[in-house]
Amino acid sequence: VIIAIPIILLTAISAYLFIFFGLVVWRRESHSLGNILTLIIGFLLIIVPVGFHLLNHWWPHSKTITFLQNVSTFFVRYLLFWVLTFLMSFVITKLFRPKYDQEYVIVLGSGLIDGTKVSPLLGSRIQLAIDFQKAELKKTGKEVTLVMSGGQGGDEKLPEGIAMKKYAVEHGAPADQILVDDKSKNTFENMLFSKELLDVRGFNLKKGIFTTSDYHVFRAAGYARLVGLNINGIGSKTSSYFLPNALIREYIAILLNHKRFHFLMALLIVLLSALIFV
């Protein structure tokens, strides 16, 4: 009952929550497709049931409409299952607290403002790594190396890793304790190229963590393991108004990472709906 009641309530008002947060993001952020996902989903959650209601009213007892409605209901429940799984993973990563016995911290890059400046989002990732570095030095006397990981995008005037190192030094990190990966273009390459830098220099690859935004920790940990880094991450806090939109984008990215599996499950849902219909 404790679990079911919140789920039922959230499902009932989810469309309005999506629209609310979507409008907030629309007012405060750029109007890109990624930033209006919550708005689109909110309207779809209202339009689709209303659409089926109207179709059933205009063509009562239509077997085709009934079949499509059954398929739609199965898909929603399937996606809801994975949404809840993803949110639980997000909560677990928020609770993780690393021990102060690390040798390195990988900082995952993101876009630069005007092609040269570290954004507030990226700055929060760097600051989190600096804070951990200082805390471990204070508690254990051990020095932690920071790895600034980020290549140069098409609209950037310098590699993110270079800009990140400059920002870190300006905010109190020792320059001689910073390595730079200036080639990576995505999270997979962030982990792969950072691992190569650390491996060549003889670091214990098991003694490390990474920092990113809190909504990105779960997916980033998957890429870390994919390249052979068995490490966990800590996340910088995301603005509350932007978090739902960011989580949805992460959720979609994770689904696409396993698109073959979900495609097969979609086929299975259609087949099961057809069998029930028959």
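Residue by residue, here is whether (1) surrounded by fewer than 20 Cβ atoms within 10 Å (Cβ to Cβ); (2) at pLDDT 95 or above; (3) not small (G, A, S) holds:
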site	(1), (2), (3)
N204	yes, yes, yes
K207	yes, yes, yes
T211	no, yes, yes
Y215	no, no, yes
I234	no, yes, yes
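Looking at region 61-82, I want the residues that are touching a residue at least 60 places away in the same chain (Cβ under 8 Å) and have a partner that is part of a helix (DSSP H, G or I) and open to solvent by 60 Å² or more (accessible area, probe 1.4 Å) with Cβ atoms under 6 Å, at least 6 apart or on another chain. Which pairs are those?
Going by the 6 Å Cβ cut-off, the qualifying pairs are F67/F277.
Within region 160-173, can you find the residues that are under 22 Å from R201 (Cα atoms) and part of a loop (DSSP other than H, G, I, E, B)?
If the condition is that a residue be under 22 Å from R201 (Cα atoms) and part of a loop (DSSP other than H, G, I, E, B), then A173 is the only one that fits.
Scan region 229-276 for residues that are within 11 Å of the chain's Cα centre (by Cα) and of a type in the set (G, A, S) and report the count.
3
Restricting attention to region 52-65, report how many residues are surrounded by 14 or more Cβ atoms within 10 Å (Cβ to Cβ) and of a type outside the set (F, W, Y).
3
Given the conditions (1) part of a loop (DSSP other than H, G, I, E, B); (2) in contact with a Ser or Thr (Cβ under 6 Å, 6 or more places away or on another chain), which single one is not true for S110?
S110 satisfies every listed condition except (2).
Please count how many residues of region 226-266 are touching a helix residue (DSSP H, G or I) at 6+ places or on another chain (Cβ under 8 Å) and part of a helix (DSSP H, G or I).
Residues flagged as touching a helix residue (DSSP H, G or I) at 6+ places or on another chain (Cβ under 8 Å) and part of a helix (DSSP H, G or I) within region 226-266 amount to 18.
Kindly indicate whether I92 is in contact with a helix residue (DSSP H, G or I) (Cβ under 7 Å, 6 or more places away or on another chain), not in a loop (DSSP other than H, G, I, E, B) and not charged (D, E, K, R).
Considered against the rule, which asks whether it is in contact with a helix residue (DSSP H, G or I) (Cβ under 7 Å, 6 or more places away or on another chain), not in a loop (DSSP other than H, G, I, E, B) and not charged (D, E, K, R), I92 comes out as no.
Between F86, F132, which is in contact (Cβ under 8 Å) with a residue 60 or more places away in the chain, in contact with a helix residue (DSSP H, G or I) (Cβ under 6 Å, 6 or more places away or on another chain) and part of a helix (DSSP H, G or I)?
F86
For region 144-158, what are the residues that are part of a loop (DSSP other than H, G, I, E, B), open to solvent by less than 10 Å² (accessible area, probe 1.4 Å) and aliphatic (A, V, I, L, M)?
V144
Going through S239, S273 one at a time, which residue ends up being of a type in the set (S, T, Y), in contact (Cβ under 8 Å) with a residue 24 or more places away in the chain and surrounded by 11 or more Cβ atoms within 10 Å (Cβ to Cβ)?
After applying the criteria, what remains is S273.
The values are calculated or read from the model by the stated rules, or taken from the named source; none is laboratory data. None of these values were measured; they are calculated from a predicted model. Glycine gets a Cβ as well: all are built from the backbone with ideal geometry, and neighbour counts include every protein chain shown. Accessible surface is based on the protein model in full, side chains and every heavy atom, while ligands, DNA and RNA are left aside. Shrake-Rupley method; radii C 1.70, N 1.55, O 1.52, S 1.80 Å.
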